Amino acid sequence: MTDTPSETSALRTLIVDDEPLAVERVQVICAEIPQVRVVGTASDGAAALRLAEKLSPDLVLLDMTMPELDGLGVARHFAAQPQSPVVIFVTAHDHFAVEAFDLEAVDYVLKPVSADRLERAIERAVARRGTRREKVSRYLDELWVPHRSELLRIAVSEVHQIDAERDYVRLHVGGAEAGRSYLLLQTIAGLEERLDPEQFIRIHRSTILRRDHIRGLRHDGLGVWSAELVNGEALRIGRTYLARVKAMAGR
């Protein structure tokens with residue numbers, strides 16, 4: 001017996017979660033999504049790797065917190081393979097988002113899983129299918145931030161300013177007039193390392209700016225300089241960062 005066209009085009013999917021009820025819920029949702037065909041389930045990370053080797057899934061719906069080998073460990077294993085499945089994290093915890101996008105997961109769905117939310121994530125997986133998942137850049141092109149009961153995917157190109165707030169950073173998104181901002185559990189130093197220096201520059205220990213958001217530099221006297229932004233605001237440049245900022249302007 002051969003697969004029907006719909007079956008052959010569906011994503012061969014492996015569900016990994018150590019909670020049986022969570023596995024059952026995701027299976028029920030997947031049964032109503034034509035783009036998905038569940039080929040197996042696993043209750044821990046080691047079993048997930050064994051099954052993935054045998055079943056060659058296109059997609060893995062992966063819980064984050066499991067005993068011994070957790071979801072991040074499983075995803076790291078996949079990421080090191082030349083032909084790896086697409087990963088969607090399904091978890092009750094929103095504070096692993098930075099690690100998740102570091103591993104090029106296609107999405108990050110929070111529990112309790114809703115059918116609409118999982119279906120949107122799977123649509124992204126379908127779009128990713130068939131493309132080579134090589135890392136062409138070490139720099140981020142998107143961020144996931146907690147918002148209400150889910151995580152929002154934000155293109156790095158939409159971020160114009162980043163401010164440090166203790167162990168978090170505040171991302172200012174859209175035009176300066178839009179006034180949208182989101183908190184992300186990440187240090188500003190850690191995030192700076194993952195941002196393209198051709199696009200972003202740190203001007204202060206607590207501030208990173210998108211370069212095209214800077215209109216000019218202003219000398220305020222006594223060695224103090226400020227960055228003038230396109231929205232008319234002026235932000236002081238820290239002495240530690242002054243030489244780098246002035247080099248941007250060819251000074």
How high is the relative contact order of the chain, given as a whole-number percent (alpha carbon pairs under 8 Å, six or more residues apart)? 10 percent
Coil-residue trypsin sites (Lys or Arg not before Pro) of the range 174-213, DSSP, other Cβ within 10 Å capped at 12: R205
Degrees separating the helix 239-248 axis from the principal Cα axis of the chain, which is the longest one: 80 degrees
In the neighbourhood of L69 defined by beta carbon distances under 12 Å, the net charge of the other residues (Lys, Arg +1; Asp, Glu -1) is -3
Can you give me the relative contact order of the range 5-128 as a percent, contacts being Cα pairs under 8 Å and 6 or more apart? 22 percent
Once you have the Kirkwood Rh of the range 157-248 from its Cα pairs, apply Stokes-Einstein at 20 °C and 1.002 mPa s and quote D in µm²/s. 160 µm²/s
Local net charge near Q27, Cβ-Cβ under 12 Å (Lys/Arg +1, Asp/Glu -1): -1
Would the chain count as rounded, prolate or oblate if I go by the C-alpha gyration tensor, calling it rounded below 1.5 in a/c and otherwise prolate when a/b exceeds b/c, oblate otherwise? prolate
Percent relative contact order of the range 157-248, based on C-alpha pairs within less than 8 angstrom and at least six residues apart? 21 percent
The range 5-128: radius of gyration over Cα atoms, expressed as a fraction of 2.2 N^0.38 Å: 0.94
What whole number of Å gives the distance from the Cα centroid of the range 50-128 to the Cα centroid of the range 171-242? 33 Å
The chain: longest segment with zero exposed GluC sites (Glu not before Pro), where exposed means DSSP loop plus at most 10 other C-beta atoms within 10 Å, is residues 69-133
DSSP bridge pairs, the chain: antiparallel proportion in percent, nearest 5: 65 percent
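Where a number appears in this text, it was derived from the coordinates with a stated rule and is not lab data. A quick note: this is a predicted structure, and the numbers were derived from the prediction, not measured. Here the Cβ is made from the backbone with ideal geometry for all residues, glycine too, and neighbour counts use every protein chain on show.
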